[in-house]
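Structure below; questions to follow.
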Amino acid sequence: MYWFGRAILTPLARFIYRPRVEGKDNVPMTGPVIFASNHLSFIDSIAIPVVAPRPAHFLAKSTYFEGTGLKGWAQRSFFTSIGAIGVKRGAGQAALDALEQQRQLLEEGRAVALYPEGTRSLDGRLYKGRTGAAFLALQTGALIVPVGLIGTDKVMPKGAKMPSLKERITVKFGEPLDLSSHGPATSGKARRTATDEIMAAIHALSGQELANQFNEVPAATPIERIKQVLPHERR
């Protein structure tokens, strides 16, 4: 299903949306690679696999794969065809399980796509990066390929049910980053400084205004609000 869908979806999407692509030669064609991108729209996870010169896998909500009937089959087939892997979203063990799935893909020599900001930027600014991508790179030796997405929020802003056919997007692949000089994955300082290098590379490609803060999901309880203001490492 993945290869069948990729063979159909990729040329179709390129024909309809005519994406501008820069820096494809920067992407290593073999070995473990992490595409680390800014995140502006739902279609970011379609844009990267469609234009990347090699298959790229990303994590998606497990509910996309759990539907029933014809609609459930169509949704499941679509997300499988663009390289999505279903995971249960959340913190704690769910987040660790997601990292473990990505680690396994990288150790198999594959490419994965991650958003260090964690969630979509609703105001167009680039937020501080969480350390998950850096942790995986330091743990597996994978190279980071920074990605700058431009215009995806105009093609499909939050709340839109269908993407616009009037807008074009730009996808910029930066030069690969070897983060090993920052130190081991077990070092919090290494993870933080490596993450800052990743975000600086993404910023150079996207040109977004910097938010200089984390893009936090609104806290649902008083306890969660307290946790957000306490110092802790954002994975």
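Non-local amide H neighbours of Ala60 (under 5 Å, H modeled in plane, Pro and chain starts lacking H): which ones?
Ile85, Gly86, Val87
Binned at 5 Å from 0, what are the whole-percent values of the Cα-Cα distance distribution for the stretch 140-209, short to long?
3, 16, 19, 16, 14, 12, 9, 7, 3, 0
Å³ per residue of the Cα convex hull, for the stretch 135-178?
92 Å³
Hey, another quick one. Go through the stretch 146-158 residue by residue and turn each phi into a ³J(HN,Hα) via Karplus (6.51, -1.76, 1.60, θ = phi - 60°); whole Hz please, and just put x for glycine and proline.
Running phi through 6.51 cos²θ - 1.76 cosθ + 1.60 with θ = phi - 60° gives x, 10, x, 9, 10, x, 5, 5, 7, 5, 8, x, 4 Hz.
If I take R0 = 35 Å and measure r between the Cβ atoms of Gln101 and Lys24 in this structure, what FRET efficiency does the formula 1/(1 + (r/R0)^6) give, to the nearest 0.05?
On the way: r = 26 Å, r/R0 = 0.75.
That pair, Gln101 with Lys24, gives E of 0.85.
Going by average Cβ neighbours within 10 Å, how do the peptides 27-38, 12-23 rank, with the highest at the top?
Order by mean packing, descending: 27-38, 12-23.
How large is ³J(HN,Hα), in whole Hz, for each residue of the stretch 167-176 in order, when computed from phi with the Karplus curve 6.51 cos²θ - 1.76 cosθ + 1.60 and θ = phi - 60°, using x for Gly and Pro?
For the stretch 167-176, the Karplus-derived couplings read 9, 10, 10, 10, 10, 10, 9, x, 5, x Hz, x marking Gly and Pro.
Further question on the same structure: What is the log10 of I(q)/I(0) for the stretch 7-59, computed with the Debye formula using one identical point scatterer on each Cα and no solvent, at q = 0.17, 0.18, 0.21, 0.32 Å⁻¹?
Values, matching the q order: -0.56, -0.64, -0.87, -1.51.
What are the residues whose amide H is under 5 Å from the amide H of Leu40, where those residues sit 5 or more places off or on another chain and H is modelled from the backbone?
The list, which skips near neighbours in sequence, is Ser121.
Which order, highest average first, do 116-129, 46-59 follow once you tally other Cβ atoms within 10 Å for each residue and take the mean per peptide?
Ranking, from highest mean packing down: 46-59, 116-129.
Right, something else. So how do 190-202, 156-168, 134-146 stack up, highest first, on mean other-Cβ count within 10 Å? Intermediate values should be presented prior to the final figure.
Values: 190-202: 20.9, 156-168: 11.7, 134-146: 23.2.
The most tightly packed comes first, giving 134-146, 190-202, 156-168.
Further question: Long-range amide H contacts for Leu126: which residues qualify at under 5 Å (H placed 1.01 Å from N, peptide plane, sequence gap of 5 or more or a different chain)?
Residues meeting the criterion, in which the H sits 1.01 Å from N, are Glu209, Leu210, Ala211.
None of the figures in this text is laboratory data; all of them are computed from the coordinates on show. Predicted model, so just to flag it, every value in this text is computed and none were measured. We place every Cβ from the backbone using ideal geometry, glycine too, and count neighbours over all the protein chains shown.
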